[in-house]
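Accompanying notes for the structure given below.
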Amino acid sequence: MTHVIKANHRGSIIGLFISLILLIGCQQHPINQALVQQNFHQFAFGLPAEQHLAKLPGIGHSVKKIGCYAEYTTWVFTRNSGIRTGSDFTILSSQAVRVIRTPESVIGTATILSYSTNKVLAVTCAHVVDFPDTVYTYHEADITGEPLIYTASIKKSQINYVKEVPVAGGLKILAIDKQA
């Protein structure tokens with residue numbers, strides 16, 4: 001019985017110690033308002049000022065949904081075909097067990113900066129319109145440790161469009177910044 005009592009005392013002491021830590025840690029510390037204003041003056045807290053509220057509907061109307069559609073030709077290979085990265089792609093069709101068309105699409109938003117009858121100038125995120133030219137998938141590596149290509153997909157076409165602002169032939173990408 002003595003052993004059990006010691007364990008209970010130890011539990012009580014630990015509980016008391018934890019309670020003291022919580023009480024000390026939960027004390028309120030005064031906030032230095034001058035320090036807050038000095039370091040966070042550039043952040044706006046609250047609703048936009050009256051002069052900006054009138055501009056919001058116009059800005060909202062310039063944000064449109066952009067759709068991007070790309071079509072790839074995809075060659076599928078078995079492990080036995082031995083196709084590796086750097087292989088001569090003129091032989092793709094002859095060694096492929098199947099050739100399929102694979103579509104890819106992305107929907108995003110674009111801000112329309114300017115438009116006329118057949119021209120639209122818009123800004124969107126690079127990842128919305130940036131489809132890779134070539135995509136590989138791989139089988140597990142062979143004995144040499146080099147992976148064998150399972151599929152090779154090459155982009156055949158891409159169309160970018162804003163449904164509400166139709167432009168014949170879709171939107172052309174003028175510039176792209178992949179670093180942003």
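Structural remarks
- Scanning segment 112-121 for residues being surrounded by fewer than 16 Cβ atoms within 10 Å (Cβ to Cβ) and not in a loop (DSSP other than H, G, I, E, B) gives a total of 4.
- Set THR137, THR102, THR151, THR109: member being in a strand (DSSP E or B) and under 16 Å from the mean Cα position of the chain (by Cα): THR109
- Count - residues of segment 138-167 that are surrounded by 13 or more Cβ atoms within 10 Å (Cβ to Cβ) and within 18 Å of GLY86 (Cα to Cα): 11
- Whether a residue is touching a helix residue (DSSP H, G or I) at 6+ places or on another chain (Cβ under 7 Å), loosely packed, with under 14 Cβ neighbours inside 10 Å and at pLDDT 90 or above was assessed, and VAL99 passes this test.
- Put simply, of THR90, THR124, THR137, THR85 the only residue that is over 30 Å from ASP177 (Cβ atoms) and of a type in the set (Ser, Thr, Tyr) is THR90.
- Members of segment 122-134 found to be in a strand (DSSP E or B) and under 23 Å from ILE83 (Cα atoms), listed by number: THR134
- The residue of segment 53-83 that is modelled with the lowest pLDDT, among those that are exposed (fewer than 14 other Cβ atoms within 10 Å of the Cβ) and of a type in the set (Lys, Arg), is LYS55.
- Residue check for PHE89: over 30 Å from VAL162 (Cα atoms) and modelled with pLDDT of 55 or more: yes
The values are calculated or read from the model by the stated rules, or taken from the named source; none is laboratory data. Note that the coordinates shown come from a computational prediction; the quantities given were computed from them, not determined experimentally. Here Cβ is always computed from backbone atoms with ideal geometry, including for glycine, and neighbour counts include all displayed protein chains.
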